[in-house]
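The values are calculated or read from the model by the stated rules, or taken from the named source; none is laboratory data. Keep in mind that what you see is a predicted model, and the values were worked out from it rather than measured. Heads up, the Cβs are rebuilt from the backbone with ideal geometry, glycines too, and the neighbour counts pull from every protein chain shown. All accessible areas refer to the heavy atoms of the entire protein, side chains included, with ligands and DNA or RNA removed. Shrake-Rupley method; radii C 1.70, N 1.55, O 1.52, S 1.80 Å.
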Amino acid sequence: QEPQTVGNMGEVKKGVYQYKLTSSGSGWTAKPFGEMADGLAECTGATAEEVEKAMYDACKEASGTEKEFTFANDMVSPKVSLFTAAIEAAYEPK
């Protein structure tokens, strides 16, 4: 029997997925931005690690990939970081 595919018919939405994380003091909020922002869920959590896992899961779901992927989560100030995941795509900063 053929395996079932869900959502986008098994086609991976290749691209660079990005979030901007901000700390409010009581937790973290991650808002999607960039070319692949449509369909990405906003993520919140008590710790940066909790939000990082939520962003990874959101990117995996939005892209439809079954593969593991790498990402960078770079602090740009004590209360802001930028998360970038390149899913079956090369990331070239502009």
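Brief remarks on what is shown
- Unique residue being closer than 15 Å to Thr22 by Cα and either open to solvent by less than 40 Å² (accessible area, probe 1.4 Å) or β-branched (Val, Ile, Thr) (or both) when the list is Ala58, Ala54, Ala62: Ala54
- Positions within the stretch 24-40 being surrounded by 16 or more Cβ atoms within 10 Å (Cβ to Cβ) and either assigned to a loop (DSSP other than H, G, I, E, B) or of a type in the set (A, V, I, L, M) (or both), in sequence order: Ala30, Met36, Leu40
- Of the residues making up the stretch 41-51, those that are under 12 Å from the mean Cα position of the chain (by Cα) and open to solvent by less than 40 Å² (accessible area, probe 1.4 Å) number 2.
- Every condition in (1) in a helix (DSSP H, G or I); (2) touching a Phe, Trp or Tyr at 6+ places or on another chain (Cβ under 8 Å) holds for Lys53 except the one numbered (2).
- Being of a type in the set (Phe, Trp, Tyr), modelled with pLDDT of 95 or more and either open to solvent by 50 Å² or more (accessible area, probe 1.4 Å) or under 14 Å from the mean Cα position of the chain (by Cα) (or both) is a description that does not apply to Tyr91.
- Residues in the stretch 65-88 that are β-branched (Val, Ile, Thr) and farther than 16 Å from Trp28 by Cβ were compared, and the one that is most open to solvent (accessible area, probe 1.4 Å) is Thr70.
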